[in-house]
Amino acid sequence: MENKKNLKVLIAKPGLDGHDRGAKVVAQALKEAGMEVVYSGLHRTVDQIVNIAVQEDVDVIGLSIMTGAHIPITQRLFEKIKERGISDKMVFVGGVIPSRDVPKLKELGAAGVFPGGTPLAETIQFLQSVAIKG
């Protein structure tokens, strides 16, 4: 059996956010970089996202949030992650995120925060570094 496991990443679209082009572009870039990617589809609740993460046994949960509700959604996600006992899942957040909110998201537990316009290579490199450490 091969020692190196491909990173499995869930790209999730929480809430009423109907804009998923960026999430799909990130998902495709991660696939091209050799990661296994699960896309949640639009309009998922935090409970649904956590259930998908458990069912699919992902290593990483990536939230794509364009609505401005990134702080309460991320906070709720970490509450549910703790409830379900899956705190080993790394979380990153991307989307329309003002720089002033990055420290708060990291304080909540997000390992990485990628505001709109972040080069895809930066997100890929970040996740690859996680895979190497893991």
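The values are calculated or read from the model by the stated rules, or taken from the named source; none is laboratory data. Everything quoted here is computed from the prediction, not taken from an experiment. When we count neighbours, we look across all protein chains shown, and the Cβ atoms used for this are built from the backbone with ideal geometry, even at glycine. Side chains are part of the model used for accessible areas, which takes the heavy atoms of the whole protein and leaves out ligands, DNA and RNA. Shrake-Rupley method; radii C 1.70, N 1.55, O 1.52, S 1.80 Å.
Per-structure values
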| item | result |
| --- | --- |
| Members of segment 10-38 found to be of a type outside the set (A, V, I, L, M) and in contact with an Asp or Glu (Cβ under 7 Å, 6 or more places away or on another chain), listed by number | Lys13 |
| Subset tally (residues that are buried (at least 19 other Cβ atoms within 10 Å of the Cβ), of a type in the set (Val, Ile, Thr) and part of a loop (DSSP other than H, G, I, E, B)) for segment 1-58 | 1 |
| Residue within segment 98-106 that is in a helix (DSSP H, G or I) and touching a residue at least 60 places away in the same chain (Cβ under 8 Å) present | no |
| Subset of segment 51-64 (residues that are touching a residue at least 12 places away in the same chain (Cβ under 8 Å) and either farther than 19 Å from Phe126 by Cα or out of contact with any strand residue (DSSP E or B) (no Cβ under 6 Å at 6 or more places or on another chain) (or both)) | Ile52, Ala53, Val54, Glu56, Asp57 |
| Of all residues making up segment 119-134, the number that are modelled with pLDDT of 95 or more and farther than 13 Å from Val9 by Cβ | 5 |
| Considering residues of segment 63-114 that are open to solvent by 30 Å² or more (accessible area, probe 1.4 Å) and hydroxyl-bearing (Ser, Thr, Tyr) only, the residue farthest from Val26 (Cα to Cα) | Ser87 |
